[in-house]
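Before any comments, here is the structure.
The values are calculated or read from the model by the stated rules, or taken from the named source; none is laboratory data. None of the values given here were measured: they were computed from a predicted structure. Here the Cβ positions follow ideal geometry from the backbone for every residue, glycine too, while neighbour counts run over all protein chains shown.
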Amino acid sequence: MRLTCPFCGSRGVEEFTYRGDATVRRPAAEAGDAAWVDYVYLRDNPAGLHQELWYHGVGCRSWLVVTRDTRTHLVSDVRAARAVAQAEHQAEHKEGAA
Amino acid sequence: MLQAFVSEGIKPFIDGVVTFGAGHFYISQSDKGGLVFGGDIDGYNSYAQRGNLPVIEDVCEGGMALMPRIGRVRLLRHWGGIMDMSMDGSPIIDHTPVQGLYLNAGWCYGGFKATPASGLCFAHLLARDEPHPVATAYRLDRFARGAVIDEKGMGAQPNLH
Ligand SMILES: Cc1cc2nc3c(=O)[nH]c(=O)nc-3n(C[C@H](O)[C@H](O)[C@H](O)COP(=O)(O)OP(=O)(O)OC[C@H]3O[C@@H](n4cnc5c(N)ncnc54)[C@H](O)[C@@H]3O)c2cc1C
Ligand SMILES: [Zn+2]
């Protein structure tokens, strides 16, 4: 399996560290036990497309959001986690303004 | 995903199971002479039933560190299977919120050798509707209750268990 880092190009998977589901978001501190248990311990683990965090430790040390099919290991998208977070933040901001 | 490996048959060489904790490698020999060995999991969510080459290299390095003399033995076959890694590396043997539905899962890579004990505890739970004394900690709600069984102190990170 190889991942195409947006900064370093195509690299062997041994250069990266896996951190799991990239779609979970930290709840507010006062969100309550159920939301926190969900955030820390519960994952969907789909058979199919999975958005996940990988860290390019042996390369540029960027966190990446990879979209991969868990049935085939086929990677369809790799983005910098920073760019994904910024886009999300902007979308929230626009919603707030509208 | 965990991969397992079998070498070509050789004369009797290993009489038992040898586990190498520092490098994570384990090996035994089948009656037909093949060396059967394995090591780390691939460590990312997968249903592909096959692993990747870096882990094969890592397992072989572990083997060479432990037993350099197996270096010239050729690999015959290998396969990969799904590991049901739990969030704390321990299994779950418990009721579920649905009445009459019971759970015995999350055995990670230890589910073969645990079968006699796991079967006994599960049968006890099914027959009496209460956990076997040995298995009282393996509850489904232990995560929500903050009672995780976390031998290695790795946190909720299944690929580190
Ligand atoms: C390569 C490899 C090497 C291993 N080596 C060892 C070892 O040396 N020692 C050791 O102790 N353990 C080892 N294990 C781990 C061990 O195999 C597992 O922990 C154990 O098999 C788990 O048993 P189980 O009954 O909980 O689940 P499984 O054996 O996975 O059984 C689950 C069953 O449910 C069925 N199923 C799934 N979905 C459905 C559905 N929707 N409807 C109906 N049925 C369904 C599946 O087909 C399967 O038969 C190894 C695993 C692998 C992959
Ligand atoms: Zn990179």
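Points worth noting:
- Of the residues making up region B:94-110, those that are under 18 Å from the mean Cα position of the chain (by Cα) and either over 15 Å from residue B:141 (Cα atoms) or not assigned by TED's automatic domain parsing to the domain that holds residue B:123 (or both) are B:107, B:108, B:109, B:110.
- Residues that are of a type in the set (A, V, I, L, M, F, W, C) and over 28 Å from residue A:43 (Cα atoms), drawn from region B:29-72: B:35, B:36, B:37, B:59, B:60, B:64, B:65, B:66, B:67, B:70
- Checked against the criterion of being within 12 Å of the chain's Cα centre (by Cα), among the basic types (Lys, Arg) and closer than 30 Å to residue B:38 by Cα, the candidates B:152, B:113 yield just one match: B:113.
- Within this structure, residue A:18 fails the test of being within 11 Å of another protein chain (Cβ to nearest Cβ), without any contact (Cβ under 8 Å) to a residue 12 or more places away in the chain and either of a type in the set (Ser, Thr, Tyr) or surrounded by 16 or more Cβ atoms within 10 Å (Cβ to Cβ) (or both).
- The residue that is nearest to ligand 2 (Cβ to nearest atom), counting only those in region B:1-25 that are away from chain A (no Cβ under 14 Å) and buried (at least 19 other Cβ atoms within 10 Å of the Cβ), is B:2.
- Residue count for region A:1-39 under the criterion of being out of contact with any Phe, Trp or Tyr (no Cβ under 8 Å at 6 or more places or on another chain) and β-branched (Val, Ile, Thr): the result is 3.
- Criterion violated by residue A:1 - all others in (1) in contact (Cβ under 8 Å) with a residue 60 or more places away in the chain; (2) within 15 Å of ligand 2 (Cβ to nearest atom); (3) aliphatic (A, V, I, L, M) satisfied: (2)
- Residues that are within 16 Å of ligand 2 (Cβ to nearest atom) and facing another protein chain (nearest Cβ under 8 Å), drawn from region A:32-87: A:52
- Verdict on residue B:70 being more than 24 Å from residue A:2 (Cα to Cα), more than 14 Å from chain A (Cβ to nearest Cβ), β-branched (Val, Ile, Thr) and crowded, with 17+ Cβ neighbours inside 10 Å: yes
- Flag for residue A:71 being surrounded by 13 or more Cβ atoms within 10 Å (Cβ to Cβ) and in contact with a Leu (Cβ under 6 Å, 6 or more places away or on another chain): no
- Condition met for residue B:33 (exposed (fewer than 14 other Cβ atoms within 10 Å of the Cβ) and of a type in the set (Gly, Ala, Ser)): yes
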